[in-house]
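*Asks:* Input: one structure, supplied below.
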Amino acid sequence: AKRSGTATLALTHMRRRKAALDEVDRCATILTNLDTSELSLERAKGDKQLIQTFSTLKIAMEGIRRESGVDSEDVHELMNDVREDAKMSSLSASAFGDAAFDIDEDELNAEFKLLEEECAIEACAIEACEIFPGGGGDDHAYPPSDSER
């Protein structure tokens, strides 16, 4: 009989434990739902502010449109022009970007060497002018023009 009473008591405690665990799960679910509801309320508050802002913006834009006398067709034409200009700018930028990668390095080096030679020739010419200020007599080989007399 004693053993039977202990088993009954153990079963009673097991049922209570199961009921307590079920209650803990229910409370956890309620907390999760409350957290979700709180986030939804915060999102709704932000959405309300956004809607109010858009409403204010709409009223302001309507006032500007009325005062400026610009109708929606003019705005559409302007926006189409802006889109077309942006497209052309984009095409130009991509063309310039592509052209930058089509340059041959050997061709670039050859052009650089030519520029160096031109600089060296100009440096020699400047040096010669400093040594022979009159230009080495070449200027005086011809008779002076009327403006020089």
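The values are calculated or read from the model by the stated rules, or taken from the named source; none is laboratory data. The structure presented is a predicted model; accordingly, all values stated were derived computationally and were not measured. Note that each Cβ is placed from the backbone with ideal geometry, even for glycine, and that neighbours are counted across all protein chains shown. Accessible surface areas use protein heavy atoms only, side chains included; no ligands, DNA or RNA. Shrake-Rupley method; radii C 1.70, N 1.55, O 1.52, S 1.80 Å.
*Asks:* Ignoring ligands, DNA and RNA, please state the percent of accessible area on segment 1-50 from carbon and sulfur, probe 1.4 Å.
*Replies:* 62 percent
*Asks:* Kindly write out, for segment 35-52 in residue order, the coupling ³J(HN,Hα) from the Karplus curve 6.51 cos²θ - 1.76 cosθ + 1.60 (θ = phi - 60°), rounded to whole Hz, with x marking Gly and Pro.
*Replies:* 4, 4, 5, 4, 4, 5, 5, 5, 5, 5, 5, x, 5, 5, 4, 5, 5, 5
*Asks:* Place +1 on the Cβ of every Lys and Arg and -1 on the Cβ of every Asp and Glu in segment 28-119, take the dipole about the Cα centre, and give the residue among Met61, His76, Ile103 whose Cα lies farthest towards its positive end.
*Replies:* Met61
*Asks:* Additional query: Using r as the Cβ-Cβ distance of Glu23 and Lys45, and R0 as 35 Å, what FRET efficiency do you calculate, to the nearest 0.05?
*Replies:* 0.60
*Asks:* Which FRET efficiency value, to the nearest 0.05, do you get for Arg16 and Thr36 by plugging their Cβ-Cβ distance into 1/(1 + (r/R0)^6) with R0 = 30 Å?
*Replies:* 0.50
*Asks:* Just add up the charged neighbours of Leu31: K/R +1, D/E -1, any other residue whose Cβ is under 12 Å from the Cβ of Leu31.
*Replies:* Values: positive: Arg26; negative: Asp25, Asp35, Glu38.
With Lys, Arg at +1 and Asp, Glu at -1, the neighbours total -2.
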